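Written out below as C-alpha cells is the structure these notes cover.
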Amino acid sequence: MTSNAFLTSALANVTISSSFGDDHLGKGMEMMVKLIATREVRKVDRDFFFISMNGWDAHKLLDNNLNRNLETFDKALESFVTELRLMGVWENITILQTSEFGRTLEANSVRGTDHGWGGNYMMMGGSVRGRQIVGKYPEFLNSNAPEILDRGRVLPTTSWDVILSAIAEWTGVPPEALSDVCPNLDNFPKSDWFDVRDLFHTV
C-alpha cells in the first residue's frame, strides 16, 4: 500500500461527532482533527499544522466584515476544541493565531481600517496559561502613547521569535537549541524573552 493510500484509509476510519461547516476554515480544521486522530498509525509524536482564513482585510464596513468572520471562526474553533477534548488530547494542543500585519486603530472614511504594523494576537490550548496579556500594552490607544503613530499605526514591541521560542521549548526543543529554531531570537534582549512557564501551565 502506498503512503497516500495508507493515509486515506486511516483518515476514512476517523469518526467526527461535531459539525465544522463547509467553509475553508471549517474543512481545514476538521482535517486537522482527523490527522491528530491518526497520529499513532502515522507514527508521529508531534504535528504542526498551518491554516489560513481570508477576508480580514476590511478597508470598508469593518463591523459587518468582522462579525461575519468571527462567527465563522468561532464555529470552527468550537468544533475543533470539542473533538480534541473527546480525544483527550486538548492538553497537548496549542493554537496560535497570527496575521502578516496589524490594522490602524483609527477608522477611515468608509468605516474600515487600513494596514498597520503591530497588533494583538491570540494563543490558546489546554496547557496555555490563559487569561493574560503578555508583551507591552500601550498606556494610551492614541498618539499620546509612544508606540502609536499616525492614524493609529502601532509599533510592534514583541518579536515573533520570542513567542515561538517558548512554544518550541514547550514542544521539546532544548533551550540551547532555541536560537537554531528561531534564528532572530538573539537580536532581542533576554529581558524581553518569555520563559516557557510564562505561557504554559505544564512543560
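Among helices (runs of 4 or more DSSP H) entirely within the stretch 110-203, having at least 1 residues that are farther than 24 Å from F49 by Cβ singles out 178-181, 196-199.
Looking at the stretch 167-193, I want the residues that are in contact (Cβ under 8 Å) with a residue 60 or more places away in the chain and have a partner that is in a helix (DSSP H, G or I) and surrounded by 15 or more Cβ atoms within 10 Å (Cβ to Cβ) with Cβ atoms under 9 Å, at least 6 apart or on another chain. Which pairs are those? Pairs found: I167/V196; I167/L199; W170/V196; W170/L199. Given (1) in contact (Cβ under 8 Å) with a residue 12 or more places away in the chain; (2) touching a helix residue (DSSP H, G or I) at 6+ places or on another chain (Cβ under 9 Å); (3) of a type in the set (S, T, N, Q), identify the lone condition not met by S143. If we test S143 against (1) in contact (Cβ under 8 Å) with a residue 12 or more places away in the chain; (2) touching a helix residue (DSSP H, G or I) at 6+ places or on another chain (Cβ under 9 Å); (3) of a type in the set (S, T, N, Q), just (1) comes out false. Close contacts from the stretch 113-127, counting a first residue that is farther than 30 Å from G88 by Cβ and open to solvent by less than 30 Å² (accessible area, probe 1.4 Å) and a second that is among the small types (G, A, S) and in a loop (DSSP other than H, G, I, E, B), with Cβ to Cβ under 8 Å and a gap of 6+ residues or different chains, come to T113/A58; T113/A107; G116/G102; G118/G102. Summed over the stretch 42-68, residues that are over 30 Å from A10 (Cβ atoms) and among the polar types (S, T, N, Q) total 3. In the set (1) within 18 Å of T98 (Cα to Cα); (2) open to solvent by less than 30 Å² (accessible area, probe 1.4 Å); (3) in contact (Cβ under 8 Å) with a residue 24 or more places away in the chain, T157 fails one condition alone, (2).
Taking helices (runs of 4 or more DSSP H) as the structural unit, those lying wholly within the stretch 5-96 and holding at least 3 residues that are surrounded by 15 or more Cβ atoms within 10 Å (Cβ to Cβ) correspond to 24-37, 62-87. Scanning the stretch 178-201 finds no residues that are surrounded by 17 or more Cβ atoms within 10 Å (Cβ to Cβ) and of a type in the set (G, A, S).
The values are calculated or read from the model by the stated rules, or taken from the named source; none is laboratory data. Computed from a prediction, not measured in an experiment: that's the story for all the values here. We place every Cβ from the backbone using ideal geometry, glycine too, and count neighbours over all the protein chains shown. Please note that ligands, DNA and RNA were not included when accessible areas were found on the heavy atoms of the full protein model with its side chains. Shrake-Rupley method; radii C 1.70, N 1.55, O 1.52, S 1.80 Å.
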